[in-house]
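Visitor: Dropping the structure in here first, questions after.
None of the figures in this text is laboratory data; all of them are computed from the coordinates on show. Note that this is a predicted model, so its numbers are computed, not measured. Cβ placement follows ideal geometry from the backbone for every residue including glycine, while neighbour counts extend to all protein chains displayed.
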Amino acid sequence: MNTDYTIRTIRESDYEEYKRILLQLENTKDFNEMKFLSILSERSNLIKVVTEKSSKKIVAICTLMIMYRFGDNKGYIDDFVVDEPMRCKGIGSFLLQYLVEYCISENCYCVRLASGESALGFYTKMEFGKASGCLLERKLI
């Protein structure tokens, strides 16, 4: 486990750093602080950030949604972004493993995400396989 970083729920004060990182994701539209705060008021517990312990700077972000069903639950990861200068340092693996473990604790049978071609190698290394189209899936049970 990476001891230089910590994962926490997003805060209202994270707007600038969160926006800077999210806009690194392809096809993401700009948004203002009012929209950010509106979304946080309803769903902040679903949005996680990775911070560097020494500087408290946000280095990665993601949104996790759990679909609670009468059958098996499913996890969905969205907006998974590691800040460009911080890539290839194990932060993405650290965050993804946290999300997988959280999904397991919520009795999800799988966790899914959409990915472009450039990140397929990373997700394959993390035991995700193609489900359909650009959708990747990791079976948990």
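Visitor: For the chain, give me every cysteine whose Cβ has no other Cys Cβ within less than 4.7 Å, ordered by residue number.
Guide: Within the chain, the cysteines lacking a partner Cβ under 4.7 Å are Cys62, Cys88, Cys110, Cys134.
Visitor: While we're on this one: Order these peptides, 106-115, 8-17, by their mean beta-carbon neighbour count within 10 angstrom, highest first.
Guide: 106-115, 8-17
Visitor: Also, quick follow-up: Report the dimensions of the chain along its three principal axes from the alpha-carbon atoms, largest first, rounded to Å.
Guide: 37, 33, 30
Visitor: What is the distance, in nm, between label points placed 7 Å from the Cα along the Cα-to-Cβ direction at Arg87 and at Phe31?
Guide: 2.2
Visitor: I've got another one for you. Give me the percent of DSSP beta bridges within the chain that run antiparallel, rounded to the nearest 5.
Guide: 85
Visitor: Something else now. Sum up the charges of everything whose Cβ sits under 13 Å from the Cβ of Val111, counting Lys and Arg as +1 and Asp and Glu as -1, but leave Val111 out.
Guide: Spelling it out: positives minus negatives among the neighbours equals -2.
Visitor: While we're on this one: Helix-only estimate, please: 222 nm mean residue ellipticity of the chain, summing -39500 (n - 2.57) across DSSP H runs of length 4 or more and dividing by its residues, to the nearest 500.
Guide: -8500 deg cm²/dmol
Visitor: Here's another thing I want to ask about it. On a straight-distance basis, which lysines could pair with Lys56 in a cross-link, Cα separation under 19 angstrom, same-chain partners fewer than 8 positions away excluded?
Guide: Straight-line reach from Lys56, under 19 Å: Lys19, Lys48, Lys89.
Visitor: Okay, next question. Can you grab the distance from the C-alpha centre of the range 100-141 to the C-alpha centre of the range 38-52, Å, no decimals?
Guide: The distance from the Cα centre of the range 100-141 to that of the range 38-52 comes to 21 Å.
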